[in-house]
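The structure appears right after this line, and notes come after that.
The values are calculated or read from the model by the stated rules, or taken from the named source; none is laboratory data. The model shown is predicted, which means the values in this text are computed figures rather than measured ones. Cβ coordinates were reconstructed from backbone atoms using ideal geometry, including for glycine residues, and neighbour counts include every protein chain displayed.
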């Protein structure tokens, strides 16, 4: 009976993602997919790849939480650079996603300071899942808004700061989730994906890392 070397499943995930990236490049060249479907496909590809890579390089528990905090801090620094360096003002949905990034980073920092055992890591994984899950949901909704035909999204509305000053919080959240013209603009792109797509990939990777750390020492 022949024995074959086993491949860690995160490494297999990276190989699959690379194959899908090549396929996506071919489909893009042929113009085979509508924009929203192609964006969703690319998000799936990069989510598989980044999450798999994260699990492959994940260090021991406490350093991993520190690394998670640093990644969140780096993302916020990058977001501020886009805002003040490139003059790309965040829309209300972007601001909500920033809050989710900050919440995830704070949870990682607190977990690193505590240095939890396996049971504690399970609690932190659930908390990270809640914060990053909300962020992923907001990002996915934002991607859907950006994929709508021109003119189907309401025109630019009131600024978030003005709404917070003049409306109840529940009404502000409802208006933000409906989306508006500024939320439909893609703005900065990297490898064919806008910022909400990449934040979705980040949040899913953080969720995967949080649960993987339950079994790390």
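Below are the figures for this structure:
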| item | result |
| --- | --- |
| Flag for residue 40 being surrounded by 20 or more Cβ atoms within 10 Å (Cβ to Cβ), farther than 28 Å from residue 217 by Cβ and touching a residue at least 24 places away in the same chain (Cβ under 8 Å) | no |
| Condition check for residue 88: within 18 Å of residue 139 (Cα to Cα), surrounded by fewer than 19 Cβ atoms within 10 Å (Cβ to Cβ), touching a residue at least 60 places away in the same chain (Cβ under 8 Å) and touching a helix residue (DSSP H, G or I) at 6+ places or on another chain (Cβ under 6 Å) | yes |
| Meets criteria (at positive phi and over 15 Å from the mean Cα position of the chain (by Cα)) for residue 87 | yes |
| Qualifying residue in the range 119-128 (condition: in contact with a helix residue (DSSP H, G or I) (Cβ under 7 Å, 6 or more places away or on another chain) and over 19 Å from residue 72 (Cα atoms)) | yes |
| Test result for residue 73, part of a helix (DSSP H, G or I) and either at pLDDT below 90 or closer than 24 Å to residue 141 by Cα (or both) | yes |
| The listed residue being under 17 Å from residue 214 (Cα atoms) and either surrounded by 16 or more Cβ atoms within 10 Å (Cβ to Cβ) or touching a residue at least 12 places away in the same chain (Cβ under 8 Å) (or both), out of 103, 122, 79, 136 | 122 |
| Condition check for residue 217: under 29 Å from residue 38 (Cβ atoms), at pLDDT 55 or above, touching a helix residue (DSSP H, G or I) at 6+ places or on another chain (Cβ under 8 Å) and surrounded by fewer than 21 Cβ atoms within 10 Å (Cβ to Cβ) | no |
| Some residue of the range 7-25 being at pLDDT below 75 and part of a loop (DSSP other than H, G, I, E, B) | yes |
| Residue that is surrounded by the fewest Cβ atoms within 10 Å (Cβ to Cβ) [pool: residues in the range 43-54 that are closer than 9 Å to residue 205 by Cβ and under 13 Å from the mean Cα position of the chain (by Cα)] | 50 |
